[in-house]
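What follows is a short report on a single structure.
We did not get these values from a lab; they are worked out from the coordinates using the rules stated. The shown structure was predicted, so the numbers you read here are calculated from the model rather than taken from an experiment. We place every Cβ from the backbone using ideal geometry, glycine too, and count neighbours over all the protein chains shown.
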Amino acid sequence: MIKLSKPNIDHEDIERLIETVTSGNLVYGAKGRQFETKISNLLNVNRSISVSSGTAALHLACLALGIGPGDTVLVPAFSFPATANAVAMAGARICFVDVEYDTYCISERTVKESLASLKSEDRDQLKAIIPVHEFGYPAPVTAIQGLLSDLGVSVIEDAACALGASLGGKPVGTLGDVGCFSFHPRKTVTTGEGGVVISSREVILNRIERLKNHGISIDGQSVEFLEPGLNYRLPDINAALAIGQLDKLASWISQRRELAKIYKQRLAGIDEITPPRLTEGHSWQTFMVLLDEKVDQKQIVYDMRELGIEVNIGAYAIPNLSAYRNNLSENRFQNATKLHLHGLALPFCEQYDEDTVKKVVSGIKACLIKQL
Ligand SMILES: *Cc1c(COP(=O)(O)O)cnc(C)c1O
């Protein structure tokens, strides 16, 4: 089976894992701190906070910014549901924003459109926006921030799948008020499950540090529980896995960029397939192509798997999911809906080469012939 992607864990990572397990410290500790320092250096920030998942990172970002009942948050209509779930679990209302067909991300245009159609109470209660850097492509956070700065709206970047991506030379995640990353095995660097939160605002970081650890504040010998909190800590067992991977991220991204080029060349002659067009600042976590509307996406996923090639839909039109359907007025999120129904993520990671691409593309050709 050619898997959609494979975690890239070598024997040094495994040795670091064994060392951690035998040390007797399985919860957050030295390895977690080492992981955080590496992330801080990579992103050129003073401080990073490790957490148990990308979803935990997003949830904590909402809680630390005081987002809750009575607030409205703008969320892209096309993403993994966790982006919206974090807001819903914080108790705030969600207004979805459609994405662009060629970047899969929200833009100045779609945010403007959404602001114009907001009900006046949602506009008054608007507290934050969560741009998603979908599949590693940098959403235009700076332009969006410009649109919203007068309204006092916070920007939480969902950079869950975009570690290593950049906008105008700056790492994504460092552009807004809070940046959230995931280290799930489908991401380029993985801790198994895991996440990281960063922010330029020390007060927010202190609150996140507290909220992820039962609301504890530790000052020398004195321990106080200052507010109710959660346990969203990343265990050292998990942190240990990624410490070595982080050194290789830059070279993995350039290998992925090359693989994307090879895919584009080999897919060029197939009319029913549109590969991603924009590449500037991309970290290439996922390679999602668009199928022509007359192609049956579900059938392709099934037929490809029969051929031993794992492909999948890319992401979801969240407003169309059962959990959020009450938010939907019909057909308002046209691009998100199309991307959900016609997107196809192809096997993609730095361990794959031209030979993998050849097999995948000839599989796709065979499956298309069956359908058309
Ligand atoms: C992966 C992902 C998440 C969720 O991260 P987890 O670590 O799986 O909780 C959230 N948002 C986006 C855009 C993602 O790609």
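Tabulated data
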quantity: Placed amide H near Asp71: partners under 5 Å, 5+ positions off or other chain; calculated: Arg93
quantity: Unsatisfied cross-links (Cα-Cα over 25 Å) in the set Lys338/Lys359; Lys212/Lys248; Lys6/Lys170; Lys119/Lys212; Lys31/Lys187; calculated: Lys338/Lys359; Lys212/Lys248; Lys6/Lys170; Lys119/Lys212
quantity: Other-chain or far-sequence residues with amide H under 5 Å of Val97's (modelled H); calculated: Val75, Ala77
quantity: Nearest-0.05 FRET efficiency for Lys338 and Glu224, computed from C-beta distance (R0 45 Å); calculated: 0.30
quantity: Separation in nanometres of the label points that stand 7 Å from Cα toward Cβ, at Arg47 and Lys365; calculated: 5.6 nm
quantity: For Asn213, distant residues with modelled amide H under 5 Å away; calculated: Leu230, Tyr232
quantity: Volume in Å³ per residue [convex hull over Cα atoms, computed for region 1-86]; calculated: 176 Å³
quantity: Percent RCO, i.e. relative contact order, over region 67-159, from Cα pairs under 8 Å lying at least 6 residues apart; calculated: 31 percent
quantity: Contour excess over end-to-end distance, with Cα ends at Lys170 and Ser23 and 0.36 nm allotted per residue; calculated: 49.2 nm
quantity: Loop-located trypsin sites (Lys or Arg not before Pro) in region 253-357 whose Cβ has at most 14 other Cβ within 10 Å (DSSP); calculated: Arg277, Lys294
quantity: Longest segment of the chain lacking GluC sites (Glu not before Pro) that sit in a DSSP loop with at most 13 other Cβ atoms within 10 Å; calculated: 1-279
quantity: Length-normalised contact order for the chain - Cα pairs under 8 Å, 6+ apart - percent; calculated: 22 percent
quantity: In order through region 177-182: 3J(HN,Hα) via Karplus (6.51 cos²θ - 1.76 cosθ + 1.60), integer Hz, x for Gly, Pro; calculated: 6, 9, x, 10, 10, 10
quantity: Fraction of beta bridges assigned by DSSP in the chain that are antiparallel (%, nearest 5); calculated: 60 percent
quantity: Cα centroid separation - region 168-205 against region 286-364, whole Å; calculated: 25 Å
quantity: Cα centroid of region 41-86 to Cα centroid of region 212-238, whole Å; calculated: 18 Å
quantity: Test item: Cα-centred dipole of region 26-145, Lys/Arg +1 and Asp/Glu -1 on Cβ, debye; calculated: 540 debye
quantity: The chain - mean residue ellipticity at 222 nm from DSSP helices (-39,500 (n - 2.57) per run, n ≥ 4, rounded to 500); calculated: -12500 deg cm²/dmol
quantity: For region 205-289, alpha-carbon Rg over 2.2 N^0.38 Å; calculated: 1.83
quantity: Selection of trypsin sites (Lys or Arg not before Pro), region 60-126, meeting DSSP coil and at most 14 other Cβ within 10 Å; calculated: Lys119
quantity: Residue-by-residue Karplus 3J(HN,Hα) for region 281-289, coefficients 6.51, -1.76, 1.60, Hz, glycine and proline x; calculated: x, 5, 9, 6, 6, 10, 10, 10, 9
